[in-house]
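The values are calculated or read from the model by the stated rules, or taken from the named source; none is laboratory data. What you see is a predicted model; the values in this text were computed from it and never measured. Heads up, the Cβs are rebuilt from the backbone with ideal geometry, glycines too, and the neighbour counts pull from every protein chain shown.
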Amino acid sequence: MIRLPSLLLTFSLLAWGQTPNPASPHAPPPRLKVMLDPGHGGDDGGAKGHKGLTEKAAALAIAKATGARLEAAGFQAVYTREDDSFIPLWDRARAANAQGADIFISLHLNAARAKGAWGSEVFFLSLGKGDDDDVVALENAGAGPMGSGPDSVVASILDDLAQKAFLQDSERLAVAVQGKLNRLARIKERGVKQAPFIVLRGAAMPAILVEVAFISNPVEEAKLKDPAFQAKVAEAITMGVRLYFAETNGTVRRRLVGGPD
């Protein structure tokens, strides 16, 4: 049985917060923190291109390029993984919460049966049915159940609260990033969509999933191997992040879930 005082205390940790507690007037302002989540990893290779490129490898390369570009632009970049390791889907948004990230970006590569499918898609969370069942099935594969018992009931409630709180901000971030991918990286824009991706559940900040390009398309697979193209994608994502914060006047809305300030 979940005790009411414990549940109320948990809800109190979800009170609206702005950026962390004010620093001393002489201290520099804290840098905005971006959690980058390279999809898949370890035994989970994700999708695979016709020439052998794996989604896990391409996603990690793009994440590292993006992190370097974000750091150069004045942000702090942190990662759910920095090597070929497996991180359960349920733990990725939790890692962002624990790090006190201001936004969460999960990086993936799309795949389709038709070799001619191409372009980028940017998703934010749907609490119901999504816009692309095939992509959801691919990216949610192997997630397993969230768990059971009183702790899982509380976690599920908190997940629902966090999701509903940031849908509008997540959509704004998705629109900003998708537009820059089209303009700066010259990737066909397939639109901003919603889908019930497990990796986005429970993120206590604006969160998006970026399907950068189609690894199943031989032309895009070749581009994804190219460091110059990876740099263009990194620049586009960074410019999208900058645009998002410019549109919000640099303010950060997130829920305090026990992570560091």
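Here are a few things to note about the model shown:
- Considering segment 170-214, the residues that are more than 13 Å from the chain's Cα centre (by Cα), among the charged types (D, E, K, R) and part of a helix (DSSP H, G or I) include one that is surrounded by the fewest Cβ atoms within 10 Å (Cβ to Cβ), namely R183.
- Output for segment 99-111, where each listed residue is of a type in the set (G, A, S), over 12 Å from the mean Cα position of the chain (by Cα) and either within 22 Å of M239 (Cα to Cα) or at pLDDT below 95 (or both): G100
- Scanning segment 50-85 for residues that are farther than 15 Å from L209 by Cα and polar (S, T, N, Q) yields a total of 3.
- Top-ranked residue in segment 173-219 [being of a type in the set (D, E, K, R) and out of contact with any Asp or Glu (no Cβ under 7 Å at 6 or more places or on another chain); ranked as nearest to F245 (Cα to Cα)]: K180
- Near pairs, Cβ below 7 angstrom, 6+ apart or cross-chain, from segment 178-189 (over 11 Å from E235 (Cβ atoms)) to any residue that is of a type in the set (V, I, T) and not in a helix (DSSP H, G or I): Q178/V122; Q178/V192
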